[in-house]
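A.B. asks: Just dropping this structure here.
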Amino acid sequence: MSESKSALLSSDVCAEIDHWIKKYPAERQQSAVMPALTIVQDANGGWLTTELMDAVADYLDIPTIAVYEVASFYSMYEHKPVGQHKICVCTNVSCMLCGSDEIVSHLENKLGVKMGETTSDNKFTLKEVECLGACGGAPMFAIGREYYENLTTNKVDEILADLEK
């Protein structure tokens, strides 16, 4: 890894990435690109810069385009700052049929932001996402790695109040 890029990745971040690289056959470190991006994004407050993506490519010894393709394809990777709590609301078919439109409208009114925006206090970012695989618990959203299912406006209010604490 080049010296200028290595400064962007802390030793702790590199150790976490190395943990994932070891899970794949030798010379297949590219397979660790998704966990590497997640680790780097988490260490950077929830979003990726071009420089950080370049550092991941350099660390994994793969072309930068291979990292950009992954980071731009998956909705879990952010390319601009996000709030402390990123609320990923599923609006796909099952959730839509079970009332996700009402949940989205309630969240937008309660937080004072539209989809894709962050509250002025940087506590919440509201993001529309495709299916999160919890169709049986629709409507649902994810905040971080936690899924919240069978949402109602009252349940949303309780969740937001808990996060405000």
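No value in this document is a laboratory result; all are computed from the given coordinates. Model, not experiment: these values are computed from the prediction. Every residue, glycine among them, receives a Cβ derived from its backbone with ideal geometry; neighbour counts consider all protein chains shown.
A.B. asks: List the cysteines of the chain that have no other Cys Cβ closer than 4.7 Å: which are they?
C.D. replies: C14, C88, C98, C131, C135 - these cysteines have no disulfide-compatible partner (Cβ-Cβ under 4.7 Å) in the chain.
A.B. asks: Once label points are set 7 Å from the Cα along Cα→Cβ at both E158 and H19, what is their separation, rounded to one decimal in nm?
C.D. replies: Between E158 and H19, the label points sit 3.3 nm apart.
A.B. asks: In square nanometres, what is one fourth of the surface area of the convex hull spanned by the alpha carbons of the stretch 103-165?
C.D. replies: Spelled out: convex hull of the Cα atoms, projected over all directions, averaged, 4.2 nm².
A.B. asks: Relative to a virtual label point 7 Å from the Cα of N150 in the Cα→beta-carbon direction, which members of the stretch 95-122 show backbone nitrogen distances below 20 Å?
C.D. replies: 95-104
A.B. asks: Computed from these coordinates, which is Cα extents along the principal axes in Å: [x] 59, 39, 28; [y] 59, 58, 32; [z] 51, 33, 25?
C.D. replies: Correct label, based on the coordinates given: [z].
A.B. asks: As a check on your grasp of the helix formula, calculate [θ] at 222 nm for the chain: sum -39500 (n - 2.57) over DSSP H runs of n ≥ 4, divide by the residue count, round to the nearest 500.
C.D. replies: Calculated from helices alone, the mean residue ellipticity at 222 nm is -13500 deg cm²/dmol.
A.B. asks: Would you mind telling me the antiparallel percentage of the DSSP bridges in the chain, rounded to 5?
C.D. replies: 55
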